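J.: Dropping a structure here in structure tokens format, bear with me for questions.
Taken together, the values in this text are just the output of simple stated rules run on the coordinates, not laboratory data. No experiment lies behind these values; they were computed from the predicted model shown. Methodologically, a virtual Cβ is constructed for each residue, glycine included, from the backbone with ideal geometry; neighbour enumeration extends over all protein chains shown.
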Amino acid sequence: MNHPLTNPNGQIIALEGGQYSAGIATVGAGIQSLRLNGRDLVLPFDPDLVPHAYAGKTLVPWPNRIGSGTYVFEGREYSVPVNEASTGTALHGLVVWADWQVASRSESSVVLEHTLHGQPGYPHQLLLSAEFSLSADAGLTVEIRAVNAGRTAAPYGVSSHPYLTVGQLPVDRCEVGFTAARVLMTNERLLPVELKDTAGTRFDFAQPRLLGSMSLDHAFTGLPGDGWQVSLSNPETGESTVLSSPAGPAGSTWLQVYSGEELGRLGMAVEPMSCPPDAFNTGTDLVVLKPGDEHCFSYSISAG
């Protein structure tokens, strides 16, 4: 019996909007590429290869890590697979390798859907959708929705994992700017230890500055309540890439920034998050979806 050939990223859906173009991978509901007039705003990955370092992926039903892959919810202990051996943690949820289905598409937008069925470590049913839309004014807007279609309350968190770039200029030569009052310090397993103020420290990017050789893999909070943005800029040309989170319930109160060592520091992961690392254990900003509840999460990426 002959079978058609496929690849690790499923379909790549090509989008066009104004001078923007994008490729959206159905596996992991991921951003495979985003360009303005041919200039990369997101570090692209080869459609025929498994992307490294969770590039572009949608992270549900938790972002970041669960320590030891175990947590307690409503008095019961659960275990999910540990997939990061170096830290002994469960990283980035359960849908990054799932092939989402195309629900609708146009020249400038696509809606992907996926049903997350229950499993022993997460016995809940979520109806998920991810909409990617391009426009000449806003660039790429991403909206991720989750509906609890099961009969029990479900712990929930969401994020996305794009690697911002300015035409693949090494991040060492880029200026980084964002406003965040606090940074989450972690242990050697990248699990939370304490929150510290950023003002006057090396984690203060309120005034954009050259990243240089600084290594980052930290969660930030105390973000502006009226919406916030992160900029990555080429100081020589003035070109920049900006990720923006809106005000209101669809916005994010947490932000993970990673300087992209696994990808040669050609892109900086900027991950808006609904909750911090290990929220399934700490409960910090953890969303609890009751049966029928819906959660919406949104952000956009554009040229500055």
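J.: Which whole-number percent gives the relative contact order of the chain, counting Cα pairs below 8 Å spaced six or more residues apart? Could the numbers behind the result be given before it?
T.: Details: 829 pairs, mean separation 58.7, N = 304.
Here the relative contact order equals 19 percent.
J.: Here's another thing I want to ask about it. Whole-Hz ³J(HN,Hα) for each residue in segment 8-16, computed from phi via Karplus 6.51 cos²θ - 1.76 cosθ + 1.60 with θ = phi - 60°, x for glycine and proline: what do you get?
T.: Calculated HN-Hα couplings, in order: x, 10, x, 7, 10, 8, 7, 10, 9 Hz.
J.: Could you please tell me the mean projected area of the C-alpha convex hull for the chain, averaged over all directions and given in square nanometres to one decimal? Walk me through the numbers before you get to the answer.
T.: Numbers: hull surface 65.2 nm².
Its Cα hull, projected and averaged over all orientations, spans 16.3 nm².
J.: Then there's this: Looking at the chain as a GNM with Cα springs under 10 Å, which of Phe220, Phe205, Phe73 has the largest mean-square fluctuation?
T.: For the chain, modelled as a Gaussian network with Cα springs under 10 Å, the answer is Phe73.
J.: While we're looking at this one, here's another question. Report the gain in length on full extension from Ala250 to Leu266: 0.36 nm times residue separation, minus Cα-Cα distance, nm rounded to one decimal.
T.: Numbers: separation 16, 0.36 × 16 = 5.76 nm, distance 2.91 nm.
Stretched out fully, the Ala250 to Leu266 stretch lengthens by 2.9 nm.
J.: Here is a further query. When the dipole is taken about the Cα centre of the chain, and only Lys, Arg (+1) and Asp, Glu (-1) are charged at their Cβ, what size is it in debye, to the nearest 20?
T.: 280
J.: Okay, moving on. At what distance in nm do the modelled label points of Ser86 and Glu16 sit from each other, each positioned 7 Å from its Cα along Cα→Cβ?
T.: Computed distance between label sites Ser86 and Glu16 equals 4.1 nm.
J.: Still on this structure: Between Ser79 and Ser106, what is the label-to-label distance in nm when each label sits 7 Å out along the Cα-to-Cβ direction?
T.: Output for this residue pair reads 4.9 nm.
J.: Next question. More than 14 angstrom separation, counting every C-alpha pair in segment 162-223; what % is that?
T.: Details: 1145 of 1891 pairs.
Tail of the P(r) past 14 Å holds 61 percent of the pairs.
J.: Of Pro8, Val72, Gly23, which is farthest towards the positive pole of the chain's charge dipole, taken about the Cα centre with +1 and -1 on the beta-carbons of Lys, Arg and Asp, Glu respectively?
T.: Farthest along the dipole direction, towards plus: Val72.
J.: Another question, if that's okay. Over all directions, average the projected area of the Cα convex hull of segment 167-304 and note it in nm². Show your work: numbers first, answer last.
T.: Details: hull surface 36.6 nm².
Mean shadow area of the hull around the Cα atoms is 9.1 nm².
J.: Something else: For the chain, modelled as a Gaussian network with Cα springs under 10 Å, which listed residue fluctuates most, Ala85, Ala250, Ala22?
T.: Ala85
J.: So who's got an amide H within less than 5 Å of the one on Asp293, skipping anything under 5 residues away but keeping other chains? H placed 1.01 Å off N, in plane.
T.: Excluding prolines and chain starts, which carry no amide H, the hits are Asn148.
J.: Need one number for segment 39-168: average projected area of the convex hull over its C-alpha atoms, nm².
T.: Projected area, direction-averaged: 9.5 nm².
J.: Something else about it: At 0.36 nm per residue, minus the direct Cα-Cα distance, what do Asn187 and Asp46 gain on full extension? Give it in nm, one decimal, please.
T.: Values: separation 141, 0.36 × 141 = 50.76 nm, distance 3.33 nm.
Stretched fully, the Asn187-Asp46 segment lengthens by 47.4 nm.
J.: Another question about this same structure. Report the relative contact order of segment 204-304, percent, no decimals, based on alpha-carbon pairs under 8 angstrom and at least 6 residues apart.
T.: Numbers: 154 pairs, mean separation 28.7, N = 101.
Taking the mean separation of contacting Cα pairs over the length of segment 204-304, I get 28 percent.
J.: In whole Hz and in residue order, list the ³J(HN,Hα) couplings for segment 60-70 that follow from phi through the Karplus curve 6.51 cos²θ - 1.76 cosθ + 1.60, θ = phi - 60°; x for Gly and Pro.
T.: 8, x, 8, x, 6, 10, 10, x, 6, x, 10
J.: Same structure again: Provide the gained length on full extension for the span Glu194 to Asp217, in nm with one decimal, where the gain is 0.36 nm per separating residue minus the Cα-Cα distance. If you can, show how the numbers build up before the last one.
T.: On the way: separation 23, 0.36 × 23 = 8.28 nm, distance 1.47 nm.
Stretched out fully, the Glu194 to Asp217 stretch lengthens by 6.8 nm.
J.: Hey, another quick one. Apply the Karplus curve 6.51 cos²θ - 1.76 cosθ + 1.60, θ = phi - 60°, to the phi angles in segment 71-86 and return the couplings in whole Hz, x for Gly and Pro.
T.: Residue by residue, segment 71-86 yields 7, 10, 9, 6, x, 10, 8, 10, 10, 10, x, 7, 10, 10, 5, 5 Hz.
J.: For segment 247-304, rounded, prolate or oblate, judged on the Cα gyration tensor with a ≥ b ≥ c (square roots of eigenvalues), a/c < 1.5 rounded, else prolate if a/b > b/c?
T.: Because a/c hits 1.5 or more and a/b fails to exceed b/c, segment 247-304 counts as oblate.
J.: For segment 125-191, report the % of Cα-Cα distances exceeding 17 Å. Each step should come with its number before you reach the end.
T.: Values: 1567 of 2211 pairs.
The proportion of pairs with Cα distances above 17 Å equals 71 percent.
J.: Is segment 82-236 rounded, prolate or oblate when judged by the Cα gyration tensor, a ≥ b ≥ c being the square roots of its eigenvalues, rounded requiring a/c under 1.5 and prolate requiring a/b larger than b/c? Can you show the working numbers first?
T.: Working: a/c = 2.07, a/b = 1.32, b/c = 1.56.
Verdict is oblate for segment 82-236.
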